[in-house]
Amino acid sequence: MHDGAETEPTGPTGVRILFVGDVVGSAGRRTLLTVLPRLRERLGLDFVVVNGENAAGGHGITSKIAKEMLANGVDVITLGNHTYRQHEVYRFLDDEARILRPANFLTTQPGHGSCVVESADGSVRLGVVSLSGNLFMNAALPAFSEADAALHGLRGRADHILVDMHAEATSEKVGLGWYLDGRVTAVVGTHTHVPTADARVLPGGTAYITDVGMTGARGGVLGVNRQQAIDAMHTRMPVRFESSEEDPWLQGALIEAGPEPLRARSIVGVQEPL
Ligand SMILES: [Fe+2]
Ligand SMILES: [Fe+2]
């Protein structure tokens with residue numbers, strides 16, 4: 001505890017950001033839209049950011065699905081390696097400021113990698129950056145230097161910044177957390193669909209978690225129909241995958257930040273059944 005702690009203002013002066021892990025298929029969408037209103041009330045949320053890269057049957061997202069999320073309490077949608085699975089969404093990625101593909105894709109690829117949104121009362125500005133890892137991933141540009149470029153673009157435009165690091169390798173996510181510590185409010189990992197137990201605020205004040213998990217059917221295999229996934233692994237033959245509907249949960253992380261800009265107070269994993 002530091003000097004003067006007793007005189008610090010009490011009460012809800014902080015900013016509460018819910019980040020929701022990869023929404024998978026119709027079970028994930030239904031869970032998100034059903035659970036979000038009660039979480040918003042219970043947790044006093046100021047911002048909701050959702051990774052939607054698997055929202056369309058596991059394969060990318062459509063403009064219709066994205067619009068439905070944005071109209072129902074989602075402030076920003078981030079994406080990942082499945083960004084371009086639905087051709088129909090390309091135009092929407094260019095036109096809608098609040099849906100992000102990784103910032104380290106080529107500038108010639110549809111969409112953009114960062115945005116700024118305001119809280120309902122206009123008092124807080126949240127910058128969001130979508131990034132993709134480079135290890136075992138197909139992003140064209142290096143994540144770390146493109147993160148620097150994205151933060152440069154947000155300078156002076158945001159009170160808090162959240163970075164979604166969509167990556168396969170835990171090492172790359174941990175590395176990015178340390179790299180950005182003290183420069184952003186939160187670095188949250190996505191893509192593996194399995195939550196990790198390492199949520200904490202790093203020494204410089206950045207909230208960090210390696211993976212928040214997914215929002216979808218826990219009864220499947222990373223959101224895929226269980227038997228289809230087992231058959232593919234067992235027989236080593238091609239199997240058509242469908243999203244599982246069994247036992248859907250929302251998984252994510254709650255970050256409490258402020259009043260100091262770009263600093264987090266706490267981060268905890270969120271696990272909520274449909
Ligand atoms: Fe995913
Ligand atoms: Fe992914």
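The values are calculated or read from the model by the stated rules, or taken from the named source; none is laboratory data. Just so you know, these numbers come straight off a predicted model, no measurement behind them. So basically every Cβ, Gly included, is an ideal-geometry build from the backbone, and we count neighbours across all protein chains shown. The protein model used for the area step is the full one, side chains on, heavy atoms only, and it has no ligands, DNA or RNA in it. Shrake-Rupley method; radii C 1.70, N 1.55, O 1.52, S 1.80 Å.
Asn81 - would you say it is modelled with pLDDT of 95 or more, surrounded by fewer than 24 Cβ atoms within 10 Å (Cβ to Cβ) and within 16 Å of ligand 1 (Cβ to nearest atom)? Reasoning before the result, please.
On the way: modelled with pLDDT of 95 or more: yes; surrounded by fewer than 24 Cβ atoms within 10 Å (Cβ to Cβ): yes; within 16 Å of ligand 1 (Cβ to nearest atom): yes.
Spelling it out, Asn81 is indeed modelled with pLDDT of 95 or more, surrounded by fewer than 24 Cβ atoms within 10 Å (Cβ to Cβ) and within 16 Å of ligand 1 (Cβ to nearest atom).
Identify the residue in the range 19-65 that is among the small types (Gly, Ala, Ser) and away from ligand 1 (no atom under 16 Å from the Cβ) and, among all such residues, is most open to solvent (accessible area, probe 1.4 Å). Lay out the reasoning, then the answer.
Filtering the range 19-65 for residues among the small types (Gly, Ala, Ser) gives 21, 25-28, 44, 52, 55-58, 60, 63.
From what is left, the residues that are away from ligand 1 (no atom under 16 Å from the Cβ) are 44, 63.
Details: Gly44: 39, Ser63: 17 Å².
Ranking the qualifying residues of the range 19-65, first place goes to Gly44.
Go through the range 73-92 and count every residue that is over 23 Å from Gly127 (Cα atoms) and within 11 Å of ligand 2 (Cβ to nearest atom).
Within the range 73-92, residues that are over 23 Å from Gly127 (Cα atoms) and within 11 Å of ligand 2 (Cβ to nearest atom) number 1.
What's the number of the condition Ala97 fails, among (1) in contact (Cβ under 8 Å) with a residue 24 or more places away in the chain; (2) more than 16 Å from ligand 1 (Cβ to nearest atom)?
Failing condition for Ala97: (1).
Return yes when Thr170 is without any contact (Cβ under 8 Å) to a residue 40 or more places away in the chain and under 24 Å from Val224 (Cα atoms) and no when it is not. First the steps, then the outcome.
Working: without any contact (Cβ under 8 Å) to a residue 40 or more places away in the chain: no; under 24 Å from Val224 (Cα atoms): yes.
No, not satisfied.
Scan the strands (runs of 3 or more DSSP E) fully inside the range 73-186 and keep the ones with 1 or more residues being out of contact with any Leu (no Cβ under 9 Å at 6 or more places or on another chain).
Numbers: elements: 76-78, 114-118, 125-132, 160-166.
Correct list: 125-132.
With (1) crowded, with 24+ Cβ neighbours inside 10 Å; (2) outside any loop (DSSP other than H, G, I, E, B); (3) of a type in the set (A, V, I, L, M) as the list, and Val212 as the residue in question, which single condition is left unmet?
(2)
Might you check whether a residue that is away from ligand 2 (no atom under 15 Å from the Cβ) and under 17 Å from the mean Cα position of the chain (by Cα) occurs anywhere in the range 208-227?
yes
Exactly one condition in (1) open to solvent by 10 Å² or more (accessible area, probe 1.4 Å); (2) within 22 Å of His59 (Cβ to Cβ); (3) free of Cβ contacts under 8 Å to residues at least 60 places away in the same chain; (4) within 16 Å of ligand 1 (Cβ to nearest atom) is not met by Gln227; state its number.
(4)
Regarding Val184, is this residue of a type in the set (Val, Ile, Thr), in contact with a Ser or Thr (Cβ under 8 Å, 6 or more places away or on another chain) and more than 16 Å from ligand 2 (Cβ to nearest atom)?
Values: of a type in the set (Val, Ile, Thr): yes; in contact with a Ser or Thr (Cβ under 8 Å, 6 or more places away or on another chain): yes; more than 16 Å from ligand 2 (Cβ to nearest atom): yes.
Yes: the conditions hold for Val184.
Looking only at the range 187-203, filter to residues that are closer than 24 Å to Arg155 by Cα and either free of Cβ contacts under 8 Å to residues at least 24 places away in the same chain or not in a strand (DSSP E or B) (or both); which one of those is farthest from the chain's Cα centre (by Cα)? Steps first, please.
Of the range 187-203, the ones closer than 24 Å to Arg155 by Cα are 187-189, 201-203.
Those still in the list that are either free of Cβ contacts under 8 Å to residues at least 24 places away in the same chain or not in a strand (DSSP E or B) (or both) too: 202-203.
Numbers: Leu202: 19, Pro203: 22 Å.
Ranking the qualifying residues of the range 187-203, first place goes to Pro203.
Go through (1) within 16 Å of ligand 2 (Cβ to nearest atom); (2) on the phi < 0 side of the Ramachandran plot for Leu70 and report which single condition fails.
(1)
Which condition number does Ala56 fail, the rest of (1) within 16 Å of ligand 2 (Cβ to nearest atom); (2) out of contact with any helix residue (DSSP H, G or I) (no Cβ under 8 Å at 6 or more places or on another chain) being met?
(2)
Any residue in the range 27-50 that is in a loop (DSSP other than H, G, I, E, B), within 18 Å of Glu272 (Cα to Cα) and within 14 Å of ligand 2 (Cβ to nearest atom)? Please lay out each step first, then the result.
To start, the set of residues in the range 27-50 that are in a loop (DSSP other than H, G, I, E, B) comprises 44-46.
Restricting the remaining residues to those that are within 18 Å of Glu272 (Cα to Cα) gives 44-45.
Subsequent filtering for residues that are within 14 Å of ligand 2 (Cβ to nearest atom) retains none.
The answer is no; no qualifying residue exists.
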